[in-house]
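The values are calculated or read from the model by the stated rules, or taken from the named source; none is laboratory data. Please read these numbers as outputs of a predicted model, since none were measured by experiment. Please note: Cβ atoms are built from the backbone with ideal geometry, for glycine as well, and neighbour counts cover all protein chains shown. For accessibility, only protein heavy atoms count, side chains too; no ligands or nucleic acids. Shrake-Rupley method; radii C 1.70, N 1.55, O 1.52, S 1.80 Å.
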Amino acid sequence: MTQDMEETVETFGDINLTLGMLNMEDNISKEDIYSHLTSVIQNSDILDDAIVQRLIYYASKDMRDNNILRETRMLAGEVLVSLAAHDFNSVMYEVQSNFRILELPDEFIVLALAELATSYVSQSIPFMMMTLLTMQTMLRLAEEEKMKGVFCIALEKFSKAIYKYVNHWRDFPYPRLDANRLSDKIFMLFRYIMEKWAPITSPMQTLAIIKAHGPTVSLLLHREDLCDYALDQVPWLLNQYKDKEIDFHVTQSLKQILTAVVLYDTALPKALRKTIFISLLHQVCRAPEPPVKENEIEASSCFLILAHSNPADLMEFFDEEMRSNNETTRMGILTLLRSAINAEEPKLRDHITSIERTVKVVMGDLSIKVRNSTLLLIQTMCEKCFIEAREGWPLIDYIFSQFAMSNKNLEKPMKPNSLEVEKGEESVRETSLEVLKTLDPLVIGMPQVLWPRVLTFVIPAEYTGTLDYLFNIIRSLIMAEERKKNDAKESTALVISTGAVKLPSPQQLLARLLVISMLASLGKLCGAGAIGLLKILPEIIHPKLVNLWKTRFPELLQPLEGKNTSIVLWETMLLQLLKESLWKISDVAWTIQLSRDFKEQMGSYSNTSLEKKFLWKALGTTLASCQDIDFVSSQVKEFLIAPNQLGDQRQGITSILGYCAESHLDTVLNVLKTFQDREKFFMNRCKGIFSGKKSLTKIDVMVIYGAVALHAPKGQLLTRLDQDIVSQVLFLYGQCSQVLGVSVMSKDMDLQMSFTRTVTEIGIAVHDAEDQGFKFSYKEVLLGYMLDFIRDEPLDSLASPVRWKALIAIRYLSKLKPQLPLNDHLNILEENICRLLPLPPLEKLKDEGETDKDKEHINFLYERSMDALGRLLRTMMWDNVKAEDCQEMFNLLRMWLVSQKDWERERAFQITAEVLTNDIEAPEDFKIGSLLGLLAPHSCDTLPTIRQAAASSTIGLFCIKGTHPEVERLQSLQEGLQCDDGQVQIKISSKIAKIVSKLIPVEEILLFLEETLDGLESLNSACTQACGIWMITVLKEQGAALEEQLLEILIMIYHHMPVLRQKEESFQFMLEAVSQIASFHMEAVVANLLQKPLPFDRDTKTLWKALAENIASSSKLLRALTDKLENELEDDMAGTEAISVACAMYEVVSTGTPITSLYPELFTLLLKLVSCTLGQTMPISTWSHRRRVMQQGERQQTADPCRLSTATLKCVQAQAMKEGLAKESDEGDNLWTLLSSPSTHHVGVCALARSMALWQRGLMLDIIEQLFSSLTSSSENYRITGTAFFSELMKEPILWKHGNLREVLILMDQSAWDSNATLRQMAIRGLGNTASGAPHKVKKHKQIILESIIRGLYHLARTEVVCESLKALKKILELLTDRDVSFYFKEIVLQTRTFFEDEQDDVRLTAIFLFENLASLTGRRWKIFFAEEIKKSMISFLLHLWDPNPKIGAACRDVLIICIPFLGLQELYGVLDHLLDGQDLPRARDFYRQFCVKLAKKNQEILWILHTHSFTFFSSNWEMIRSTAVKLTDAIVLNLTNQYVQLLDKEQLTTRLQALRQDPCISVQRAAEAALQTLLRRCKELGILL
């Protein structure tokens, strides 16, 4: 409710806004405004009264404003009229106020009144009298055509409104008004217009009067006093039929008048009726121009009204007009009659006879249009039951006669420019058929018209085209009668007398219907109708047939239920029905008459038609069923003497005599013999037995013998075959082949074809006789003739069917006894294959044809020849009981199946499909593996025909073996191979392979694989891909069962590898095949490949990679290799086999094979292998037995097993990093160089250990467990490897927490005492790293660990051990207290000081760091000792501040800062601060002088100690140390007190400084010179002489 109110408010606001725009004096388009207002008003149910009044005001004002555009004024008028729906009285008041007496109003006022009268009849009628009175005063004032037209429009609208009121006044909501007063005013207005305006008006004004005429006259007709006047005005209206533009309106007004006439039951004067008939007919039949469609429809409607009111007069008028022989008039009347009948006007039924007579008037008219119209009228009459029994039959007859006439006219040669006539005749024919199609024979009265006279149309040939519908009509009539038989009360409709009509005899009906029934096999409706009609006509044909046909017909009709009915099967069943029916009737006279009726119908069909061919056979069958031998003999003789009566004499007489021989073999042969003997005179001179064109020839007689043999009773044939049939055939052929009495190879195609046909039929007949003991003596002779025919055919064309027919003959002859040897069979087959398969491509063969028909014929011969060759090969092949012989025969096709020419492959595969499909019974031991491998890949060949044939053959192979796969699904897939998309073909072929591959016998898979590998080498790309897919699919399905054949398969694959490598795609398939085999037999394949010599060649590497790239088996492969390597390294020794495994692993892992699950084992085994092969060389004899050609400049590489092992480990680690199992080594690629060198192997192992992914806790624990045995290995190298690896792991707390490193610690402690320095170094490192990984373990075992490490400090021969010990001590001491190390403190300090001047930077640096750490462990006990040691060591710290290694300088700075407090020299911090500010080091001279100044003030003793220890550094190997030592000496001398200067060994100092002045280093020279000068100056100051 709220929503409605909101919409109303919105509408009111919209209108108010629009009204405001109307009130504005600007250039707003009022046309758009009024259009919008009209839409709003018409869509609004409620409008505010104030708004309505304002709208009325503005609309009325603008409607009457002459200064506004006419279109705008019209729209304003529409708005005003629309407002009447909301306030009619206000609108009417506004309009009436501007419609005043004796004043000519505005035209739009009048139009508004007219529209109000039309739209609001009920409200307008009360105002009508006032309006008409006012309008009456205005007519005389109208002078302009426009105003006159407006008043006419008003008159039209007012008349319609009053007419509605007059006829429906009860529906109006107020008391009845006096309509006569209103009609009086209308009459006065109309009379004035007709008298004053009508005679002198313009065409436009006339049109307005015409429009007003109909409604006005219709209104006046309700008044008896005005009726005559009204009817008198009709002629004026009819006289206005002049212009097509206004004819429609004239007819429309006339229709209104006629409607009123019927409504008021007004009688039209006869003259007026006639005038109306003529005028309206002229509108329908206007010539030469066709009528306007709308006008024609209105005129037809007028005739319907007239048919209702005056049917008798109308039919009389039509009858008169039909006799005028005017085509247009006749067509018009026929059309009008059809419309009237369609309207089912009841009064017309009383005039059916008149209508029929009217139609009969035009039945002789030859006009195509009239004939069409007549047929359509008859169709409508039949549909609407306007057929009367006595007069109706000619109408039905007319339908059939028109069809026959049209056919006859179309058969005549057409004259030029007669295309229109031809189309017309075709339309008549189509209309005739359409009429018959829609004819309902059961409508009232129709059965009496049709039955039984409709049977007369069944037999004549000219009505053959109507049989589709004729049979339906007859069947409907008969079936309706059958339904009525059970009701005695109902009258039978089919007993009407036929009069003079001659009905067909039962034999004629049977002959006709049986022949037409043959067409049912082609799916033709008339054929189905004929057999359906036969089914219900047994009583009419013969009473004895009722029961027989009742049982036989259901079986007979079964073939018709399928989509494709075999013509031969249907023909056989019909002939069998005929035979059984004649036997049932068993009436010789009846049978003789039927044969005569068959013979009489010979002219009804063309010689090439299916009906004619059946007719001959039916006639022969009828004669075979006839028991009157004399009659049969006379008929056979008649046909031999006068064969032309049969149409195609050879085919006709051959069929008749052949089928006749089924029961009368002796009679036929005797008549033939008599006929030949009588005409023997001519046989030596010409081919024709009789003279003249219509006589039989020797060739015809030869063909007859073949047909007789084919149809002869099998029990009688063989006794008469050789002498009475075959010998006669050979005699006739020999006679025909003679030239001047000499026998030659005849080129007469007709002779060759006929002889071949006869031989074929004889072969079939003998074979069908099924007498195993009979041996055909003429077999080889006839085979020779056939092969000669084939050899004589050209190899570059296919225009003759001889080749095809000869192949068929050979096939049937080959089945006969005696059986030929295998070689003869092979020769026959090879001869035929080589004469057919090499023919040029089909398109090229077809190019020889000049016409399309020739091309079609060549195509036909091609298809039939290929089919015949396939059937021949199939027959010879499968009739053999030996599988080897079958294979031999099939091998004849092999070279053609892989031919490089598409068309040759296509033919070979077509033949193959023929051989391998359709329920073959092969020998039990027939092998399909090789054939499957040969055929299946071609399911993806270039041509769809090849693909289809390959798929069919593949399916057929399995059916041969008795394993029937999913045939329906396979056939569905096979259909998809028609697609030209290569991917689709591959997908379908793969699906087929999956279905059938599991059905291949296991013992034949080797043959299959060998064939497919050959295919991979030689086939095209698409077939190669299919070949590979089939091979892989078979291996997937049956690979598990190939264990016994595995070695042979691998050898076969290796054999094909060199060739297949040249074809990338084929090579990949071969690799995949190996992978597939390995997925089932991994260990066997691995063992086989590992036997390949080292280093692996390219093919072997490729195979390993292929196995690895198989996702399904890669893990199994790696597992197998891992197990193999573990077995080989069981004794901690590596042989050639272990290296082979490593090389294989390298190829496998390098492909990206995941190693996560095997990583611990792989890593530890390969690390062990690297360790075991350190420094080894592979024996030459086991390295490679193959010769290798060296490239120019290439050196022979020494075999290095360790390098190969390291490469594999590197590959594994790279993959591990990809999988997040390891990280990049801090050594980078140098790691692997370190690892493979005996001298740096331990360094590499440590770096490797540092690259382990500690976050992979589970993997690390597995690695620890597997490497633990290395610590106690008998192999020293492996112990070093394990100790080095664990030494790095000892610093990882997480491994201590979860791993068993306690035992590792014990073993490391033992190894720290080992004689091998490297092992000892790694063990000490491990002990030191324990401080990071397990501090608690260090504290617990501190004594053992300290002793082992301190002992390393005495291994002076290997600084690596010393350095490692120092580092370890530094780490260990950081965890211990002074009490923990008190016992070892002095020893450690003393040993540490010995390495301050070591040449190894690492040793010096570590020693300084350790000394710094020792400062925190002095305790009270060792504080004084340590202070003394500091004094001794300070010279080293001071000098090494400028060590070449800046790290050592920084360490010395740090240790000085730590140690100064021990000497109470805190004042020196200020000097040392210069070393801590992060800037560059100060100059050594300046630093030393500052340092010594401070030190001299605090402790001259220490300064003196520094001096005494400085001499040893004058000879240091490092220039910088020598220089700083001299500079320190200079500073010391400068700051010594006089007392200590007196103590100086001046001579020694001077000598040393003098020597350093000769030092190679300039810096040293300068420092020595400066120190010497300082010494001289101090001595001079003290007065000391040097």
For the stretch 1099-1114, does any single residue satisfy the condition of being out of contact with any Asp or Glu (no Cβ under 6 Å at 6 or more places or on another chain), open to solvent by 50 Å² or more (accessible area, probe 1.4 Å) and farther than 24 Å from Leu1162 by Cβ?
no
Single condition Ser634 does not satisfy, out of (1) closer than 21 Å to Lys714 by Cβ; (2) open to solvent by 30 Å² or more (accessible area, probe 1.4 Å); (3) of a type outside the set (Phe, Trp, Tyr):
(1)
Looking at Arg894 and the list (1) free of Cβ contacts under 8 Å to residues at least 60 places away in the same chain; (2) open to solvent by less than 30 Å² (accessible area, probe 1.4 Å), which single condition is not satisfied?
(2)
Any residue in the stretch 708-725 that is assigned to a loop (DSSP other than H, G, I, E, B) sitting within a Cβ distance under 8 Å of a residue that is buried (at least 16 other Cβ atoms within 10 Å of the Cβ) and among the small types (Gly, Ala, Ser)? List the pairs, counting only those 6 or more apart or interchain.
Ala712/Ala661; Ala712/Ala765; Pro713/Ser663
Return a yes/no flag: does the stretch 560-571 have any residue that is touching a Leu at 6+ places or on another chain (Cβ under 6 Å) and surrounded by 15 or more Cβ atoms within 10 Å (Cβ to Cβ).
no
Taking the stretch 586-630 and keeping only residues that are under 14 Å from Gln507 (Cα atoms), of a type in the set (D, E, K, R) and open to solvent by 10 Å² or more (accessible area, probe 1.4 Å), one is left with Asp587, Arg596, Lys599, Glu600
Just to be sure I understand the filter: pairs with C-beta atoms under 8 Å, separated by 6 or more residues or on different chains, first member in the stretch 165-183 and touching a residue at least 40 places away in the same chain (Cβ under 8 Å) and under 24 Å from Gln136 (Cβ atoms), second member of a type in the set (A, V, I, L, M) and outside any helix (DSSP H, G or I). Which pairs pass?
Tyr165/Leu177
Considering only residues that are over 19 Å from Ser899 (Cα atoms) and more than 28 Å from the chain's Cα centre (by Cα), which ones fall in the stretch 1011-1037?
Leu1035
Name the helices (runs of 4 or more DSSP H) wholly inside the stretch 1482-1586 in which the number of residues that are under 14 Å from Trp1442 (Cβ atoms) and open to solvent by 10 Å² or more (accessible area, probe 1.4 Å) is 1 or more.
1484-1498, 1519-1535, 1562-1582
Taking the criterion of being part of a helix (DSSP H, G or I), in contact with a helix residue (DSSP H, G or I) (Cβ under 6 Å, 6 or more places away or on another chain) and under 27 Å from Gln635 (Cα atoms), would at least one residue in the stretch 559-568 satisfy it?
no
Only one residue in Ile153, Ile101, Ile125 is open to solvent by less than 10 Å² (accessible area, probe 1.4 Å) and of a type outside the set (Phe, Trp, Tyr), so which one is that?
Ile125
Check whether at least one residue in the stretch 64-76 is outside any loop (DSSP other than H, G, I, E, B), modelled with pLDDT under 75 and open to solvent by less than 40 Å² (accessible area, probe 1.4 Å), and report yes or no.
no
Of the numbered conditions (1) in contact (Cβ under 8 Å) with a residue 24 or more places away in the chain; (2) open to solvent by 60 Å² or more (accessible area, probe 1.4 Å); (3) acidic (Asp, Glu), Asp941 fails exactly one; give the number of that condition.
(2)
Out of the residues in the stretch 944-960 that are open to solvent by less than 30 Å² (accessible area, probe 1.4 Å) and not aliphatic (A, V, I, L, M), state the one that is nearest to the chain's Cα centre (by Cα).
Arg947
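This table checks each residue for (1) under 60 Å from the mean Cα position of the chain (by Cα); (2) at pLDDT below 75; (3) in a helix (DSSP H, G or I).
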{"site": "Trp1296", "(1), (2), (3)": "no, yes, yes"}
{"site": "Leu1305", "(1), (2), (3)": "no, yes, yes"}
{"site": "Gln1310", "(1), (2), (3)": "no, yes, yes"}
{"site": "Thr1318", "(1), (2), (3)": "no, no, yes"}
{"site": "Gln1321", "(1), (2), (3)": "no, no, yes"}
{"site": "Leu1327", "(1), (2), (3)": "no, no, yes"}
{"site": "Ile1345", "(1), (2), (3)": "no, yes, yes"}
{"site": "Ile1350", "(1), (2), (3)": "no, yes, yes"}
{"site": "Ala1357", "(1), (2), (3)": "no, yes, no"}
What's the total number of residues in the stretch 237-279 that are within 16 Å of Glu156 (Cβ to Cβ), assigned to a helix (DSSP H, G or I) and of a type outside the set (Val, Ile, Thr)?
9
Residues of the stretch 1416-1443 being assigned to a loop (DSSP other than H, G, I, E, B) and open to solvent by less than 40 Å² (accessible area, probe 1.4 Å), in sequence order, are Thr1418, Gly1419, Trp1422, Asp1443
Output for Cβ contacts, cut-off 6 Å, separation at least six or different chains, first residue among the acidic types (Asp, Glu) in the stretch 788-812, second at pLDDT 85 or above and crowded, with 22+ Cβ neighbours inside 10 Å, reads Glu793/Arg803
Checking the condition modelled with pLDDT under 85, among the polar types (S, T, N, Q) and within 23 Å of Gln1062 (Cα to Cα), which residue from Ser1021, Ser997 passes?
Ser1021
Qualifying positions in the stretch 803-840 - part of a loop (DSSP other than H, G, I, E, B) and open to solvent by 40 Å² or more (accessible area, probe 1.4 Å):
Lys815, Lys817, Pro818, Gln819, Pro821, Pro838
Failed item in (1) outside any helix (DSSP H, G or I); (2) surrounded by fewer than 18 Cβ atoms within 10 Å (Cβ to Cβ); (3) touching a Lys or Arg at 6+ places or on another chain (Cβ under 9 Å), with Gln900 passing the rest:
(3)
Are any residues in the stretch 199-230 surrounded by fewer than 18 Cβ atoms within 10 Å (Cβ to Cβ) and under 20 Å from Tyr241 (Cα atoms), and if so, which ones?
Pro199, Ile200, Ser202, Pro203, Met204
Going by what's in this entry, would Phe158 be described as over 25 Å from Leu272 (Cβ atoms), of a type in the set (Phe, Trp, Tyr), buried (at least 22 other Cβ atoms within 10 Å of the Cβ) and in contact with a helix residue (DSSP H, G or I) (Cβ under 7 Å, 6 or more places away or on another chain)?
yes
Yes or no: Thr674 at pLDDT below 85, surrounded by fewer than 22 Cβ atoms within 10 Å (Cβ to Cβ) and β-branched (Val, Ile, Thr)?
no
Of the residues in the stretch 518-546, those that are open to solvent by less than 50 Å² (accessible area, probe 1.4 Å) and either in a loop (DSSP other than H, G, I, E, B) or free of Cβ contacts under 8 Å to residues at least 24 places away in the same chain (or both) come to Gly527, Leu537, Pro538, His542, Val546
Result of the Cβ filter at 6 Å on the stretch 547-561, keeping first residues that are farther than 13 Å from Ala520 by Cβ and partners that are surrounded by 15 or more Cβ atoms within 10 Å (Cβ to Cβ) and not hydrophobic (A, V, I, L, M, F, W, C), at least 6 apart or interchain, is Leu548/Lys584; Trp549/Pro538
The stretch 1040-1075: number of residues that are among the polar types (S, T, N, Q), open to solvent by 10 Å² or more (accessible area, probe 1.4 Å) and part of a helix (DSSP H, G or I):
1
